[in-house]
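Undergrad: Before we start, here is the structure in question, set down as structure tokens.
The values are calculated or read from the model by the stated rules, or taken from the named source; none is laboratory data. Quick caveat: nothing in here was measured; it's all calculated off a predicted structure. Positions of Cβ are backbone-derived with ideal geometry, glycine not excepted, and every protein chain shown enters the neighbour counts. For accessibility, only protein heavy atoms count, side chains too; no ligands or nucleic acids. Shrake-Rupley method; radii C 1.70, N 1.55, O 1.52, S 1.80 Å.
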Amino acid sequence: MTLPFKADPAFDSGSVPVCDWPLCQVRLQDDSRFPWLILIPRGDGLHELEDLAAADRAALMDEIVRAGEIVRMLGEAAQRPVQKLNVAALGNVTAQLHVHVVGRRHDDGLWPDPVWGRPGAVPHGAAALQAMASRIRLSQAG
């Protein structure tokens, strides 16, 4: 019997699950300063990229590119076009393998510094968060 996938509970405090892709659970970071997705490969005991089989590493790269396209779409929808994508698998706080895909702008307030672990998140609000999640899901339906 296979147990259902469970993201580390630490993700619940700052992001919401949006959908599942072939490899990853896709989460939307609740910080209106940045269009920001988190990809969490579904698998037990995954902490590092080398924990993935070669085919899954390739699938993860494809999903990162796909997430980047969505992050750019979210930036356009907010009339704040993304100028640079930041992609990182850090895991210093949450060991479960996950990849951040963040849209950055030269005027985003933290530029050029990293966004990881920085205080000052500005929540989207429940309605905006759900609207963004719906936009992401709809972008995948076709």
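Undergrad: Kindly indicate the residue of segment 84-100 that is closer than 18 Å to Asp56 by Cα and β-branched (Val, Ile, Thr) and also farthest from the chain's Cα centre (by Cα) among those meeting that condition.
TA: Filtering segment 84-100 for residues that are closer than 18 Å to Asp56 by Cα and β-branched (Val, Ile, Thr), the one farthest from the chain's Cα centre (by Cα) comes out as Val87.
Undergrad: Which of the following residues is in contact with a helix residue (DSSP H, G or I) (Cβ under 7 Å, 6 or more places away or on another chain) and surrounded by 14 or more Cβ atoms within 10 Å (Cβ to Cβ): Arg42, Arg66, Arg80, Arg27?
TA: Working: Arg42 fails: in contact with a helix residue (DSSP H, G or I) (Cβ under 7 Å, 6 or more places away or on another chain); Arg66 fails: in contact with a helix residue (DSSP H, G or I) (Cβ under 7 Å, 6 or more places away or on another chain); Arg80 fails: in contact with a helix residue (DSSP H, G or I) (Cβ under 7 Å, 6 or more places away or on another chain).
None of the others qualify; the one that does is Arg27.
Undergrad: Return the only residue of Gln83, Gln79 being among the polar types (S, T, N, Q) and touching a strand residue (DSSP E or B) at 6+ places or on another chain (Cβ under 8 Å).
TA: Numbers: Gln79 fails: touching a strand residue (DSSP E or B) at 6+ places or on another chain (Cβ under 8 Å).
So the residue among Gln83, Gln79 that is among the polar types (S, T, N, Q) and touching a strand residue (DSSP E or B) at 6+ places or on another chain (Cβ under 8 Å) is Gln83.
For every residue, the table says whether it meets (1) of a type in the set (Ser, Thr, Tyr); (2) without any contact (Cβ under 8 Å) to a residue 60 or more places away in the chain.
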residue: Ser15; (1), (2): yes, yes
residue: Leu28; (1), (2): no, no
residue: Pro35; (1), (2): no, no
residue: Pro41; (1), (2): no, yes
residue: Asp44; (1), (2): no, yes
residue: Glu50; (1), (2): no, yes
residue: Ala55; (1), (2): no, yes
residue: Ala58; (1), (2): no, yes
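Undergrad: Evaluate the following for Val93: is it among the β-branched types (Val, Ile, Thr) and modelled with pLDDT of 95 or more? It would help to see each step written out before you state the result.
TA: Working: among the β-branched types (Val, Ile, Thr): yes; modelled with pLDDT of 95 or more: no.
Here the answer is no, as Val93 does not meet what is asked.
Undergrad: Taking the stated definitions as given, is Gly117 surrounded by 12 or more Cβ atoms within 10 Å (Cβ to Cβ), of a type in the set (Gly, Ala, Ser) and at positive phi?
TA: Working: surrounded by 12 or more Cβ atoms within 10 Å (Cβ to Cβ): no; of a type in the set (Gly, Ala, Ser): yes; at positive phi: yes.
When the stated conditions are applied, Gly117 does not pass them.
Undergrad: Any chance you could count how many residues in segment 60-75 are under 18 Å from Ser139 (Cα atoms) and without any contact (Cβ under 8 Å) to a residue 12 or more places away in the chain?
TA: Keep residues of segment 60-75 that are under 18 Å from Ser139 (Cα atoms), which gives 62-75.
This time we only want the ones that are without any contact (Cβ under 8 Å) to a residue 12 or more places away in the chain, so: 62, 65, 69.
Of the residues in segment 60-75, 3 are under 18 Å from Ser139 (Cα atoms) and without any contact (Cβ under 8 Å) to a residue 12 or more places away in the chain.
Undergrad: A further question on this structure: Just the residues that are surrounded by fewer than 13 Cβ atoms within 10 Å (Cβ to Cβ) and in a strand (DSSP E or B), please, taken from segment 3-21.
TA: Correct list: Asp20 only.
Undergrad: Tell me, which residue of segment 8-65 that is within 16 Å of Gly103 (Cα to Cα) and hydroxyl-bearing (Ser, Thr, Tyr) is farthest from the chain's Cα centre (by Cα)?
TA: Of the residues in segment 8-65, the ones within 16 Å of Gly103 (Cα to Cα) are 15, 26-39, 63-65.
Now restrict to residues that are hydroxyl-bearing (Ser, Thr, Tyr): 15, 32.
Numbers: Ser15: 9, Ser32: 13 Å.
Taking the candidates together, the pick is Ser32.
Undergrad: Within segment 127-137, does at least one residue satisfy the condition of being among the small types (Gly, Ala, Ser), open to solvent by less than 50 Å² (accessible area, probe 1.4 Å), touching a residue at least 60 places away in the same chain (Cβ under 8 Å) and in contact with a strand residue (DSSP E or B) (Cβ under 9 Å, 6 or more places away or on another chain)?
TA: The answer is yes; a qualifying residue exists.
Undergrad: Could I ask something else about it? Select from segment 64-112 the residues that are of a type outside the set (A, V, I, L, M) and under 14 Å from Val26 (Cβ atoms) and list them in ascending order.
TA: Here is the first cut: in segment 64-112, the residues of a type outside the set (A, V, I, L, M) are 66, 68-69, 72, 75-76, 79-81, 83-84, 86, 91-92, 94, 96, 98, 100, 103-109, 111-112.
Those that are of a type outside the set (A, V, I, L, M) and under 14 Å from Val26 (Cβ atoms): Arg66, Gly68, Glu69, His98, His100.
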